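Have a look at the structure below, then the notes.
The values are calculated or read from the model by the stated rules, or taken from the named source; none is laboratory data. This structure is a prediction, so every number in the text was calculated from the model and none was measured. Virtual Cβ from ideal backbone geometry, glycine too; neighbours counted across all protein chains shown. Just so you know, the surface numbers come from the protein's heavy atoms only, side chains and all, with ligands and any DNA or RNA stripped out. Shrake-Rupley method; radii C 1.70, N 1.55, O 1.52, S 1.80 Å.
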Amino acid sequence: KSLDKIISNMTTVGNKLVLEVLAKAFYNYKMAEVSDILIKLYEASDEAVMSTMRHIMANENSGYMLYVFQVLLNCSDKISRINTAKIVSSLVNRCFVLEKDILNETETVKICISDEELIGGSKAGEGEAKELKYVEITRSKSMAVRFWDLTMMALREKAPSSWSKFDHFLTMMRDIITGGDIQVDMVMERGGLIEFVDFMLGQNSPNCKPGERRPKMGSVYGNPNFGPLLEAVSFLILRCHTPTFTEGSQDIPKTAAKGVSKYYELTDENIQNFFLNEEFLKIAILNSCENLGEAFAHLSYKNLEVSKVIGKVILKIINTSDYEKIKN
């Protein structure tokens, strides 16, 4: 117990040093080294993980949680974003394991909501009184699940306007998704796979409602780096059934993920509307990642029509793009 207490105290100091000092410092070249030590402390002590998560999730809509997202989405320093993403994903993945027995449980709590800035909220004008309101809500007992839900909210509402810097926010998401079966199950049960493609498609998404205006990501000077999110999407696709690879099928594609407890349903409608969407295929090819080819092969397994659609778009992009953009 005394050792746990020492490690917990060391972790508290390390968290403040990395996230509150080095993340804001100009000379932060030691941040990677200190971050690695902090991650080892998380691995050594369950209490260090839970106390850090309690700190981050206190006043979760407007407190430290919002600060973490601001670093990941708005900080101009790449070293700060890289190491914050690495620390947070390691922490949350450990928390998922420790909370595995309460992931589906809920609790009713009273929370204080002010009119200060929330994720997706607004801020009171200068000199205006800050009104405090208490509301009763039902939420997940799991801090890891609540963290993920707020991350998805930030992806929808904050990330598009930070497209030039959000690659490490997406890296954090990818590292959580690929962190274990518990995380995969939660993401798939919440419809995360389709929501990721919907996010990348923006205004071109089939889920974009008539009259809905979504922020444009990219400009004449550059395009967003969707690479980490595409890696997560490809990783999840390989854990899915397709119209030609169904439940109980004896003919399992070589591309299907090995050693998994189950495969998830991926409907023909979603494949047609999202994964064979020409705009998504363009994004995928121009942001190509290592396992993207396997994901395409999985979707088109014994399906000539799907193979033709993907092949046509690939040829079209090859004919209209610079080699450097498509060589991967």
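Observations on the structure shown:
- Prolate/oblate/rounded call for segment 57-109, Cα gyration tensor, a/c under 1.5 rounded: oblate
- The chymotrypsin sites (Phe, Trp or Tyr not before Pro) of segment 149-232 that meet both conditions, a loop assignment by DSSP and at most 16 other Cβ atoms within 10 Å of the site Cβ, are TYR221.
- The H on the amide N of TYR264, modeled in the peptide plane, is under 5 Å from the matching H of CYS240, HIS241, each at least 5 residues off or on a different chain.
- LYS86, LYS258, reordered so the largest accessible area comes first (probe 1.4 Å): LYS258, LYS86
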